[in-house]
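Novice: To start, I am sharing the structure in question, which I have written as C-alpha cells.
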Amino acid sequence: MADSCCGCGKTLDVAAMQARQRRVLWWVLAINAGTFAMMLGSAWHSGSASLLSGSLDNLGDALTYALSLAVVGASLAAKARVALLKAALILAANLLCLRLLWPYRRGDINLASAWACSLNDVYEGGAVILASIAVWAFGAGWPDLLIAAALLLLFLRSAWQVARRAWAELRQARAMAVSACDTRERHA
C-alpha cells in the first residue's frame, strides 16, 4: 500500500518499509539474544562480574528490540508509550549492571573500564528520558541535539580517561618486564 508521505505527490510503500523494519529488528534481536546467552554462559563458568554485566546489557537490548518489533506499524502514541517503557527498562538494567560492577570500579583497568561503560549507560538512559520530555515540552528538536552533544562529550571524556589509564598500565608492564630481564641477566 502506497501512501503520500508528505502531501508532495511522493509515495511511500508503508508495508514494504515495515517489512524491512521487522527484518532488521529480528536480526538485531537474534544477535543480542545470542550474545546474551553466550556471555551469560561464560560469566557463569568464569565467575566474571563484567561478563555478567555485559550479558545483562545484551538482554536489555534484546528486550528493547522485542518491544520495538511489537510496535512496528502501531500508532505514534503506542510507539511513544513503548519508547518510554524501553527507556525505563534500559535505565533499570544499566543500574543493575552498575550495582554489580560497583566493588570493581577502582580495580584493574578491565573492570574499571566496564564500570565506566556502565556508568555512561546510566547517564545515557537518564539523558534519553530527559531529552524525550524536553522535546515534548518545547515542541522542538533542539533539546535532543543539545543532550546528544553533552553525551558525546561525556563519552569522549570517559574514553580518554580509560585510554590514559591503559597506556599508563602498559608503560608500567613494560618497565616491569625490562626490570625482570635485567635482573635475570645479572644473575646469569
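Where a number appears in this text, it was derived from the coordinates with a stated rule and is not lab data. Quantities reported herein were computed from a predicted structural model and do not represent experimental measurements. Every residue, glycine as well, gets a Cβ built from its backbone with ideal geometry; the counts of neighbours run over all protein chains shown.
Novice: Would you kindly compute the Cα radius of gyration of the chain and its largest Cα-Cα separation (Dmax), both in Å?
Specialist: 22.6, 86
Novice: How much length would be gained if the chain were fully extended between ARG20 and TRP160, taking 0.36 nm per residue of separation minus their Cα-Cα distance, in nm to one decimal?
Specialist: 46.7 nm
Novice: Would you mind ranking LYS86, LYS79 by Cβ crowding within 10 Å, fewest neighbours first?
Specialist: Exposure proxy ranking, most exposed first: LYS79, LYS86.
Novice: Around GLY54, under 13 Å between beta carbons, what's the net of Lys plus Arg minus Asp minus Glu among the other residues?
Specialist: Here the charged neighbours net out to -3.
Novice: Could I ask something else about it? Starting with the fewest neighbours, write out THR183, THR35, THR64 ranked by other beta-carbon atoms found within 10 Å of each beta-carbon.
Specialist: THR183, THR35, THR64
Novice: Taking the chain as the reference, fit the longest principal axis to its C-alpha atoms, fit the long axis of helix 49-70 to the helix C-alpha atoms, and give the angle between the two in degrees, 0 to 90, nearest 10.
Specialist: That works out to roughly 10 degrees.
Novice: To test your reading of the geometry: what angle, between 0 and 90 degrees and rounded to tens, separates the Cα axis of helix 14-46 from the longest principal axis of the chain?
Specialist: It is inclined by approximately 30 degrees.
Novice: What is the spread of the Cα atoms of the stretch 106-188 along each of their three principal axes, largest first, in whole Å?
Specialist: Per principal axis, max minus min of the Cα coordinates gives 76, 18, 10 Å.
Novice: Another question, then. How far, in degrees from 0 to 90, does helix 76-101 lean away from the longest principal axis of the Cα atoms of the chain, to the nearest 10?
Specialist: The helix 76-101 is inclined about 10 degrees to the chain.
Novice: Quick one, can you get me the convex hull of the C-alpha atoms of the stretch 140-188 expressed as volume per residue in Å³? List each step's numbers first, then the result.
Specialist: On the way: hull volume 1.4 nm³, N = 49.
That works out to 28 Å³ per residue.
Novice: A follow-up question, please. I'd like the distance separating the alpha-carbon centroids of the stretch 116-188 and the stretch 41-82, in whole Å.
Specialist: Rounded to whole Å, the Cα centres lie 22 Å apart.
Novice: Using the C-alpha gyration tensor of the stretch 29-125, what are the square roots of 5 times its eigenvalues, in whole angstrom, with the largest one first?
Specialist: 28, 16, 8
Novice: Filter the trypsin sites (Lys or Arg not before Pro) in the stretch 100-188 down to the DSSP loop ones having no more than 13 other Cβ atoms within 10 Å, then list what survives.
Specialist: Filter output for the stretch 100-188: ARG106.
Novice: Report the Cα-based extents of the stretch 124-165 along its three principal axes, largest first, to the nearest Å.
Specialist: Result for the stretch 124-165: principal-axis Cα extents of 42, 16, 6 Å.
Novice: Moving on to the next point. Using the number of other C-beta atoms within 10 angstrom as an exposure proxy, rank SER179, SER53 with the fewest first.
Specialist: The order, fewest Cβ neighbours first, is SER179, SER53.
Novice: Please give the length that would be gained between ALA175 and ILE109 if that part of the chain were fully extended, namely 0.36 nm times their separation in residues minus their C-alpha to C-alpha distance (nm, one decimal).
Specialist: Computed gain between ALA175 and ILE109 is 22.0 nm.
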